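Rule-based calculations on the coordinates, nothing more; no lab input. Note that the coordinates shown come from a computational prediction; the quantities given were computed from them, not determined experimentally. Cβ sites come from the backbone with ideal geometry, for glycine too, and all protein chains shown count toward neighbours.
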Amino acid sequence: MSEHRRQIFEMLSAGKITADEAERLISALEEPASTKSSPAESGSAGKNPPKYLRVQVDSEGDAGQEGPTKVNVRVPMQLLRAGVRLAGLLPAQALHRANHAMQEQGIPIDLSRIKAENLEELVEQLNDLSVDVDQKEAGTKVRVRVFCE
Amino acid sequence: MIPFVAVVSLRDQESRTFRLWIPLFLVWLLLLPLGIVLSPFIFIACLVCRVNPLRGVAVMWQILNALTDTELDVEHRSAGMSFHIL
């Protein structure tokens, strides 16, 4: 075990950092090592396409009543692609109703104008997606992370 | 490859964990004859909805294949639940 890793575990056992923070520190430690070990991969070949879309929700809850809640969802990118293809099969009537419902909610998107190739492009662009949302309401802090890996 | 097993883990307040392995391949085996029996009705429904039935079947097959490695974890102080499709 490396010295840095040992220090992280000591801080974790001493309660100075949370398990999440320790995980992040360890992954940060591993990151440069993996890039050093395979310079060819990071060069002309480029980064590997992500395989999963991950959604993490951390809710800290109020002081001691609810306690923290963590939700972690991992969806394969292939499932997104297949879902996109399924959306392409929707009959025109269903699309019309979906458009109407979305416009009622203030989302001005015409689903009938989205073609399969556009959606494929959209899924491709998700590769670089990373959304972090921090919300602090009365006694509750919610953190939402959406990213590809 | 289509998923063969789903694992459901439940944790209660006393940190006891119950792990349930669901053999999905048995579900597929049971659903296969049902799908064959229902295929004429599915075909008619596709025609009514103006959807190419072959394309529909292909997309459903792709979705089934893509379900592998889907993961859902919910952790709370008092309970936890994990669902993993293998």
Distance in nm between pseudo-label sites at B:L10 and A:N118 (7 Å out along the Cβ direction from Cα) | 4.5 nm
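As a check on your grasp of the helix formula, calculate [θ] at 222 nm for the protein assembly as shown: sum -39500 (n - 2.57) over DSSP H runs of n ≥ 4, divide by the residue count, round to the nearest 500. Numbers along the way, then the final one.
Values: 8 runs with 107 residues, N = 235.
It lands at -14500 deg cm²/dmol.
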